[in-house]
4 protein chains.
Amino acid sequence: MSVGFQILDDLACLQTRVREFISTQIIPLESDPRQGPHSPEEGLCRELIARARSAELLSPHVAPEYGGLGLTHQGRAIVFEEAGYSMLGPVALNIFAPDEGNMHLLEAVATPAQKERWLRPLAAGEIRSCFCMTEPPPGAGSDPSMLKSTARPDGDGYVIDGLKWFTTGAESSTLAIIMADVPGTGATMFLADMHAPGITIERSLQTLDTCFPGGHGVVRFEGLRVATSDILGELGQGFRNAQVRLSPARLTHCMRWLGAARRAHDIAVDYARTRYAFGKTIGEHEGVGFMLADNEMDLHGARLAIWHCAGVLDQDELGLHESSRAKVMVSEAVWRVADRCVQILGGQGVTGETVVARIFADMRAFRIYDGPSEVHRWSLAKRILKGTRR
Amino acid sequence: MSVGFQILDDLACLQTRVREFISTQIIPLESDPRQGPHSPEEGLCRELIARARSAELLSPHVAPEYGGLGLTHQGRAIVFEEAGYSMLGPVALNIFAPDEGNMHLLEAVATPAQKERWLRPLAAGEIRSCFCMTEPPPGAGSDPSMLKSTARPDGDGYVIDGLKWFTTGAESSTLAIIMADVPGTGATMFLADMHAPGITIERSLQTLDTCFPGGHGVVRFEGLRVATSDILGELGQGFRNAQVRLSPARLTHCMRWLGAARRAHDIAVDYARTRYAFGKTIGEHEGVGFMLADNEMDLHGARLAIWHCAGVLDQDELGLHESSRAKVMVSEAVWRVADRCVQILGGQGVTGETVVARIFADMRAFRIYDGPSEVHRWSLAKRILKGTRR
Amino acid sequence: MSVGFQILDDLACLQTRVREFISTQIIPLESDPRQGPHSPEEGLCRELIARARSAELLSPHVAPEYGGLGLTHQGRAIVFEEAGYSMLGPVALNIFAPDEGNMHLLEAVATPAQKERWLRPLAAGEIRSCFCMTEPPPGAGSDPSMLKSTARPDGDGYVIDGLKWFTTGAESSTLAIIMADVPGTGATMFLADMHAPGITIERSLQTLDTCFPGGHGVVRFEGLRVATSDILGELGQGFRNAQVRLSPARLTHCMRWLGAARRAHDIAVDYARTRYAFGKTIGEHEGVGFMLADNEMDLHGARLAIWHCAGVLDQDELGLHESSRAKVMVSEAVWRVADRCVQILGGQGVTGETVVARIFADMRAFRIYDGPSEVHRWSLAKRILKGTRR
Amino acid sequence: MSVGFQILDDLACLQTRVREFISTQIIPLESDPRQGPHSPEEGLCRELIARARSAELLSPHVAPEYGGLGLTHQGRAIVFEEAGYSMLGPVALNIFAPDEGNMHLLEAVATPAQKERWLRPLAAGEIRSCFCMTEPPPGAGSDPSMLKSTARPDGDGYVIDGLKWFTTGAESSTLAIIMADVPGTGATMFLADMHAPGITIERSLQTLDTCFPGGHGVVRFEGLRVATSDILGELGQGFRNAQVRLSPARLTHCMRWLGAARRAHDIAVDYARTRYAFGKTIGEHEGVGFMLADNEMDLHGARLAIWHCAGVLDQDELGLHESSRAKVMVSEAVWRVADRCVQILGGQGVTGETVVARIFADMRAFRIYDGPSEVHRWSLAKRILKGTRR
């Protein structure tokens, strides 16, 4: 039996390097004025990436032949948590959403030519990408089968029409991965250059979260022409592709947010140690101390759930059930942590005096992005009832 | 026995008027560009107040002789909830924090001259006021006894020195009510003109909430001279004054936020009725329907708790225990409502597409402002253990 | 406006009398050995009722012409809470389930002859009754439309066949109110003598709760003959009858359990005041103190919800929505109270050293009896979505 | 790195054997009439143990030289969960509390002579033992420093006086491990024969739980003489001994209860699959389905927390922090599971129709036994604040 939880030497060493990198190279940039109101600006993003490149930590999840470190999912669990400790860390390491998941998908299903054209510069941090799937009502949201965007065969290619929103990173992307219905054939993914005629970013959504470079765009496709060679994976296999991306992308979200929650907790612990009220430090008041204990339990439980699911993915399983489960467990646990940290900091907790308020606002979306908790609970229930899960 | 919950005719009529006023006169202004990123701007505030004045709804809590409607606490419960239905409603009716509580305090303890000078223009919506009590660490936060600001006798008056923060409305106020320690005598409240020499607004705090005109300032007093006639109430009775203001101000906060939570709920209900997923409206999914049911229970429970406490205050009791209890019950209930509404709206819930995200962000502070839940639970416990409460 | 919560003089006086009666006459009998393992035994029941009769407190909800005090629903709210303070109190006052609801139903819909035969001795505490509605799977449980028992016309009467369970009080009842389907006509209620041929109590269910005299029986009807004059209300109107009984019966359950929860809380407060650990009383530890504060908030919220709903019923409304809402709010609030009290008492909390463990075990069923929380949330949601509720 | 969660072959095989043993040999005995109202009777215990002996599964945690399988803590995690699937399983395998922890302690600190005399027959299932530590107020409960029992030097031995309660298994034990204060020297553990003069079992506590053979006794020591050779470990080192026992005993409690919770969940799943209401199985109602999903998340999280902590103990660490954390996480998670299972089963959930009600009642104590959640949260907080934990 091996229910070990030790981090082996190589990875422990990498963990230390990332932790130090975040602490010394990235956190100081958090107060950089280029951290705009809605997301980090281009110039700041470039500097972050340059620092990670120098530190040889760029795109660690990508295969070495495309410039990465080829980390397993368990390896990602360690590194991404460390990166997430700063809201700028994932940008620096080039492992933020949706690029990280897009690279994972391209590596898994793209043709060699597609990889050269898109994956290589993505992994090098030279371009960025977006994933055009979610549509405004009455289109595809939690229920992907409600897909309204279409890709109609036209000559030797396709013409795409439709409206997407919550297209994270739209404004700063070069590559778009577009999900559209090929009538009679089914959902299919296409690759397109965001600067191609027929793509318009109508506006950016104002959101509680401000950590995604390029924000969340509303993207319109009108007569966008794509070639057959721009199909990602196979025709009509859009949902199968989506599943390849799904579990890993969910889980890396968990990893990054776990790091952010740990950061908030560390700040709350420091405050609880030093702030006095009613004759002792607030940490010595059980009302606060118990919240710290609950934080630690939530962080610990979240980490174990991530590690477990990463182990499943490392065995080349799709892990749809496990990643659904981990996503709900982690997103709700880290949310509780963020909420408690705000409370512990008192008035300060709702201000910009620390990063906690920002982590809190950013994190609220995580119970919704990648499928709201309710949709995951529903899928979990169906599998439990079918008896396909013990 | 009378455990009636009927709203008598007069008040029901006023309720209808306020509801209509908010719906037709105020909500359309929510998308006004003068609703700045941190709080409504001056011009917008003036327009809101002008509309309420025309509608004869301005300062309804103030005694008729100072231009108000002389509402009881139970009357306020009805009117303030309606006003809170729009985040701009309390500004319009001149019943937002801290002005509403300040007017209440002035009416209760100010001298006739002080009332003429400050209460009359406040009630008329001509000037605004702030309440300078909270100090940054290591000063007075949840624990008011840690007061660091001082007012030293000097000639025929006092000289005030100190640093305050979370001074809501500081940037747009004319009147400051300042709590400071008169050494050897005790905490005392003073009235001062914010434009007097010796008062500096160092900066405004960035906060999750954006509904308070004038934001939350950091205010420094350096050699601020005040006259003996500027003492509010009696020398050394600052904390007793604070208690006069405390329960009513807590409770009106509850009323306004209840209105805001009801607004979020109504938006969520509309969305749940019309958005489809997995073959039916999302409201027909129990996962969403149960959240709506929980919302209604929380709103109902919050309203009853407010009405009950208002009844206690209307009997001229200080109501410290009852208002602590109501504050925790209501602030936590409406928070749960806001959080569920975000979740029901899915991706949209975290955007500016509806006001729900804003209500959510605004409301987080309410579990902290006016004393964090933990401090109230602690006071409740102490009284329960002493046996002063059944 | 009247959102008053004062208990008027007459009722306040009655409240005091009941409180004193419970304290001096009933609580001492809690350790009586005739309090059997599954429910109070007959002899004890008779003594309890005799004491209430002497105190002129028997059947206070019944009309004076049948020997009661003719309390309104709001009056019941006060008196039943006091009675519920002892698990034996409702038996003494003859207001326990299902008799109390049965009397209410008989008073509302029975013929004068039926009232003489059944209501009068019930109200006098001379006989007891059961309500035969719930059936084991696959029959009518939460979903009453799954009714399997039948009443087939036969001669000038009907023949009833079917199997019921959770028939509370079956073993000690003289009167059975039986819900059965008249094929082609619909659900109908019948009155029958439990000693009539064709009625067999197969066994009593072992349950967590032990407070219901006569336990919960499994009752079989085989060829039970009833006359047309035994129809309660009208033919085919069984569900309409059920609705008459439904809201009041739900709400009186809430009242009694509120009293029980208050009892548990009082015991926990006493313990928290006197038990020392780690250098101070456990009540002074915030971990315990906060639980006491939460208890008080839950008890207060439950009481307000009951009073509000009683006010609705006193206006002769069916109150289906309001009583569903109150039932969920109260049953979950008092459960949290009972659970916290167990926790505060520590090891003792799970023993027979106090009545808290018993209240805890009894109370668990309350989130299920009278409709599980899930069914109520579902109905609440449906009405909210239909817009029939604001 | 190794964050593997695979169960290696040997242990997987043992897991299968235990699972089959419980399913075929033990569960059928659950309806045995010798399962008394308060605990399994002697005859039944003997039969259970005989079956485990035949299956070569007796005392698997004990070293092979004393007849066990010498399982690591991680091995115990697997086997004990399987055993806990039936409330009789731990009795059969001789791994219930307090015997299992007592054997662990004896193996760690007893002299060879003490082991021969006590450990060997204990491991063989021939005798049973109790652990006399907890005292009624004002003695040692959650706060062990309040120890009131004394062991006064007398001749070449000691004389013990004191009153203990919650002495699990007292009525069926041969060996007592007694914690008493040697004045001036400190808390010390002694071994004694329960039949020695000076030991009286005053009575057994009535408790919600009924799964511990021998119940929970109140034990009085009056002039009990013990020899110096009866000291367990060293004089004055009672608390150090207690720490040796503490973490493993806490954790095995978690393991067994996890099995019980899984059992309840399996029963609830079966019911949710087959019971119809409102036109579909109740499992298809999200209100129930979500509870099943939450159950699975809680069971999964509890298992990971146990496995992690077992891994720490297997590295010969005391694991006080980790086992406190695991104890709170697991006891609260499995409680939520048991509570949901009762709710899913509806009326049946509170009856003896399934074992769920019993698991529920048994499990309530687990949030209190081995230290209530509040005491653990407090210790966790103190270590977090000290910074001894990351």
Counted residues in the stretch B:17-44 being modelled with pLDDT under 95, among the acidic types (Asp, Glu) and part of a helix (DSSP H, G or I) come to 2
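Could we say that B:Phe212 is of a type in the set (Phe, Trp, Tyr), under 27 Å from B:Leu44 (Cβ atoms), in contact (Cβ under 8 Å) with a residue 40 or more places away in the chain and surrounded by 20 or more Cβ atoms within 10 Å (Cβ to Cβ) here? First the steps, then the outcome.
Working: of a type in the set (Phe, Trp, Tyr): yes; under 27 Å from B:Leu44 (Cβ atoms): yes; in contact (Cβ under 8 Å) with a residue 40 or more places away in the chain: yes; surrounded by 20 or more Cβ atoms within 10 Å (Cβ to Cβ): yes.
Answer is yes for this residue.
Let me confirm something: among A:Ala97, A:Ala52, A:Ala63, A:Ala92, which residue is at pLDDT 95 or above and within 21 Å of A:Ala264 (Cβ to Cβ)?
Details: A:Ala97 fails: at pLDDT 95 or above; A:Ala52 fails: within 21 Å of A:Ala264 (Cβ to Cβ); A:Ala63 fails: within 21 Å of A:Ala264 (Cβ to Cβ).
Within the list A:Ala97, A:Ala52, A:Ala63, A:Ala92, the selection yields A:Ala92.
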Q.
With the structure loaded, tell me whether A:Glu47 is free of Cβ contacts under 8 Å to residues at least 40 places away in the same chain and either in contact with an Asp or Glu (Cβ under 9 Å, 6 or more places away or on another chain) or not in a helix (DSSP H, G or I) (or both) or whether it fails that test.
A. yes
The correct count of residues that are of a type in the set (A, V, I, L, M), within 14 Å of chain A (Cβ to nearest Cβ) and assigned to a helix (DSSP H, G or I) in the stretch C:247-287 is 2
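Do the conditions hold for D:Leu29, that is, is it hydrophobic (A, V, I, L, M, F, W, C) and in contact with a Gly (Cβ under 8 Å, 6 or more places away or on another chain)?
Values: hydrophobic (A, V, I, L, M, F, W, C): yes; in contact with a Gly (Cβ under 8 Å, 6 or more places away or on another chain): no.
In short, no.
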Of those in the stretch B:164-185 that are touching a Leu at 6+ places or on another chain (Cβ under 8 Å) and not hydrophobic (A, V, I, L, M, F, W, C), the residue surrounded by the most Cβ atoms within 10 Å (Cβ to Cβ) is B:Asp181
Restricting attention to the stretch C:288-302, the residues that are in contact with a Leu (Cβ under 6 Å, 6 or more places away or on another chain) and more than 8 Å from chain B (Cβ to nearest Cβ) number exactly 1
Of the candidates A:Ala52, A:Ala77, A:Ala83, A:Ala92, the one satisfying the condition of being surrounded by 24 or more Cβ atoms within 10 Å (Cβ to Cβ), touching a Phe, Trp or Tyr at 6+ places or on another chain (Cβ under 6 Å) and assigned to a helix (DSSP H, G or I) is A:Ala77
Log entry, pairs with first residue in the stretch C:63-87 being β-branched (Val, Ile, Thr), second being modelled with pLDDT under 95 and assigned to a helix (DSSP H, G or I), beta carbons closer than 6 Å, six or more apart or on different chains, reads C:Ile78/C:Leu11
Go through the residues of the stretch D:65-84 one by one and say whether even a single one is more than 14 Å from chain A (Cβ to nearest Cβ) and over 28 Å from D:Val244 (Cα atoms). no
Of the residues that make up the stretch C:34-48, is at least one farther than 24 Å from C:Gly217 by Cα, out of contact with any Leu (no Cβ under 9 Å at 6 or more places or on another chain) and small (Gly, Ala, Ser)?
no
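Can you find a residue in the stretch D:280-290 that is among the hydroxyl-bearing types (Ser, Thr, Tyr) and within 17 Å of the chain's Cα centre (by Cα)?
Restricting attention to the stretch D:280-290, the residues satisfying the condition of being among the hydroxyl-bearing types (Ser, Thr, Tyr) are D:281.
Filter again for within 17 Å of the chain's Cα centre (by Cα), leaving none.
No, the stretch D:280-290 has no match at all.
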For this session: Considering every residue within the stretch D:339-346, establish whether at least one is on the phi > 0 side of the Ramachandran plot, of a type outside the set (S, T, N, Q) and at pLDDT 95 or above.
Result: yes
Of the listed residues (A:Ala151, A:Ala140), the one being crowded, with 16+ Cβ neighbours inside 10 Å and at pLDDT 95 or above is A:Ala151
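Could you tell me whether A:Lys115 is surrounded by 24 or more Cβ atoms within 10 Å (Cβ to Cβ) and not in a loop (DSSP other than H, G, I, E, B)? Lay out the reasoning, then the answer.
Values: surrounded by 24 or more Cβ atoms within 10 Å (Cβ to Cβ): no; not in a loop (DSSP other than H, G, I, E, B): yes.
No.
Any residue at all in the stretch D:139-148 that's within 21 Å of D:Ser173 (Cα to Cα), part of a loop (DSSP other than H, G, I, E, B) and basic (Lys, Arg)? If you could, list the steps in order and put the result at the bottom.
First, the residues of the stretch D:139-148 that are within 21 Å of D:Ser173 (Cα to Cα): none.
Within the stretch D:139-148, none of the residues are within 21 Å of D:Ser173 (Cα to Cα), part of a loop (DSSP other than H, G, I, E, B) and basic (Lys, Arg).
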Only one of (1) within 14 Å of another protein chain (Cβ to nearest Cβ); (2) crowded, with 16+ Cβ neighbours inside 10 Å does not apply to A:Asp161, and that is (1)
In the stretch A:316-344, anything more than 20 Å from A:Val244 (Cα to Cα) and buried (at least 24 other Cβ atoms within 10 Å of the Cβ) is listed as A:Met329, A:Val330, A:Ser331, A:Ala333, A:Val334, A:Val337, A:Ala338, A:Cys341, A:Val342, A:Ile344
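Sort out which residues of the stretch A:55-74 are part of a helix (DSSP H, G or I) and not charged (D, E, K, R), and write them in order of number.
Our first condition is that a residue be part of a helix (DSSP H, G or I); within the stretch A:55-74, this holds for A:64-66, A:73-74.
Within the stretch A:55-74, A:Pro64, A:Tyr66, A:His73, A:Gln74 meet the criteria.
For A:Pro213, are the conditions met, namely being in a loop (DSSP other than H, G, I, E, B) and modelled with pLDDT under 95?
Details: in a loop (DSSP other than H, G, I, E, B): yes; modelled with pLDDT under 95: yes.
Spelling it out, A:Pro213 is indeed in a loop (DSSP other than H, G, I, E, B) and modelled with pLDDT under 95.
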Exception for A:Met133 within (1) touching an Asp or Glu at 6+ places or on another chain (Cβ under 8 Å); (2) under 16 Å from A:Arg220 (Cα atoms); (3) within 14 Å of chain B (Cβ to nearest Cβ); (4) aliphatic (A, V, I, L, M) falls at (1)
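Determine, yes or no, whether A:Leu232 is in contact with a Leu (Cβ under 6 Å, 6 or more places away or on another chain) and at pLDDT 95 or above.
On the way: in contact with a Leu (Cβ under 6 Å, 6 or more places away or on another chain): yes; at pLDDT 95 or above: yes.
It is true that A:Leu232 is in contact with a Leu (Cβ under 6 Å, 6 or more places away or on another chain) and at pLDDT 95 or above.
The values are calculated or read from the model by the stated rules, or taken from the named source; none is laboratory data. Here the structure is a predicted model, which is why all the values come from computation and not from measurement. All Cβ positions, even for glycine, are placed from backbone atoms using ideal geometry, and neighbour counts span all protein chains on display.
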